[in-house]
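This report refers to the structure that appears directly beneath it.
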Amino acid sequence: MSVNSNKYIVQNMERLSFFDLANGTCQFVVDDLQEATMTNEQETVYATGKNGVKIGSADRNKASRITATNGAIVDGVMAMQVGSDIVQGTTIVPKHFFMLTTGDGTSVEITIKPIGPVGNEIPFIYKRNTDGTVGKPFAIAANATADNFKYDPVTKKITLPTGAFEAGEIVYTFYDIEVKDAKRISNNEDKFSATGMLIADCFAKDICTDKSYYAKIVYPKAKASGNFDLSFGNDPSVQNMEFEALSGGCGSSATKRLWDFIVFDEDDATIL
C-alpha cells in the first residue's frame, strides 16, 4: 500500500553498502552495525548593522556525513579506507614465528617449508630463555658449530649448535613462508581512501499503524575517510568508518544532491 504516514519511528541502521562510481560494482556490505550517526550541517553567514544587530543572512557550505561502528572487521571496508584492492592468491608471509621443541638437544624438525635463498632459508634460530623471552641468536651456516646451526632442506632437519641446547628445550625461529589463497590488503603511501555511492538501509515504522516501511539514505557520491583505528584488548576489535557526502557537480541540478531519503513499501514495487 502507498506510504501515507508523515511520522515515523526510525531506530536502527540495518546495513551500509558501498558501490564503485565507474561500474556500479558493490565494494562491501556491512550489517553488524553497533551504532551509526548521520550528521547534517550548513554554514550561515550573517550581515550585521549598527551595534552588531543581524540584518540579513546568507547560507553556504552544506555538508552531510554518516559515521558508523561495525562489530565485525570487513576486509572490503579496510581496502576502501586505504584505497587498495584485495589481492587473493599465493603470498609470501614474512618472518612467521615458530616454537620448536628439541627431543635430544641436537636437532629439531620443521614441517612448513621456509622460502628464501638456498643456504639462508632460516637466517637465525634462538634459544628460549626460562622466562619465555628470546635468547641468544644462532646464525645459519654450512655446518653446525658452537655458534651456528645447519639446515638440511632434504631431511627438513635443523642441526642445532653443538652443546647449546639440552633435551626438551624450546627453539624459537622466524622465517618466510609461502601460503596459497591468502588475502592481502596493502596500505600504500600514494594510495588514498575511495569515493563511491553509499546506501544506508533502515526501517521506518508508521507511528500510528505500526506498519514498517523500507527507508534508504542514498549518498550518490560519498568520500570515505582514511582515518580509522583498530583497538585490541579485552573486547573484540570493532571497525569505525566515516563517509562524507560530495556534490556531483558537472553543471546538472540533479547532481547537486548530497543525499536522498526514500521511504517505500516493497509491495508497491513494479513487478514482472
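Of the residues 46, 172, the one with the largest accessible area comes first in the ranking 46, 172, computed with a 1.4 Å probe on protein heavy atoms.
Farthest towards the positive end of the charge dipole of the chain, among the residues 200, 258, 177, is the Cα of 258, using unit charges on the Cβ of Lys, Arg, Asp and Glu. How about residue 50: which lysines have a C-alpha closer than 24 Å to its C-alpha, ignoring those fewer than 8 places off in the same chain? Qualifying lysines at Cα under 24 Å: none.
So which residue, out of 58, 22, 79, gets the largest mean-square fluctuation from a GNM of the chain using Cα contacts under 10 Å as springs? For the chain, modelled as a Gaussian network with Cα springs under 10 Å, the answer is 58. Dipole size of region 139-272 about its Cα centre, with +1 on Lys/Arg Cβ and -1 on Asp/Glu Cβ: approximately 440 debye, rounded to the nearest 20.
Extension gain, residue 272 to residue 45, is 76.6 nm, computed as 0.36 nm per intervening residue step minus the present C-alpha separation. Listed values (1) 27.4; (2) 14.7; (3) 17.6 include one computed from this model; for mean projected area of the Cα convex hull in nm² that value carries the label (1). Helix-only arithmetic for the chain: the sum of -39500 (n - 2.57) across DSSP H runs with n ≥ 4, divided by the residue total, places the mean residue ellipticity at 222 nm at -1000 deg cm²/dmol. Sparsely packed loop sites in region 119-173 (the GluC sites (Glu not before Pro) outside DSSP H, G, I, E and B with at most 13 other Cβ atoms within 10 Å) comprise 166. Normalised by 2.2 N^0.38 Å, where N counts its residues, the alpha-carbon radius of gyration of region 50-163 equals 2.14.
Computed with every protein chain present, the accessible area of residue 202 is close to 10 Å² [probe 1.4 Å]. In a DSSP loop and with at most 10 other Cβ atoms within 10 Å, the chymotrypsin sites (Phe, Trp or Tyr not before Pro) in region 173-264 are 232. Distance from the alpha carbon centroid of region 193-272 to that of region 35-58 works out to 26 angstrom. Solvent exposure of residue 152, expressed as accessible area, is near 50 Å², computed with a probe of 1.4 Å over the protein chains only.
The values are calculated or read from the model by the stated rules, or taken from the named source; none is laboratory data. Keep in mind the model is a prediction, meaning the values are calculated, not measured. Reconstructed Cβ throughout: ideal geometry from the backbone, glycine too, with neighbour counts over all protein chains shown. Just the protein is used for accessible areas: all its heavy atoms, side chains included, with ligands, DNA and RNA removed. Shrake-Rupley method; radii C 1.70, N 1.55, O 1.52, S 1.80 Å.
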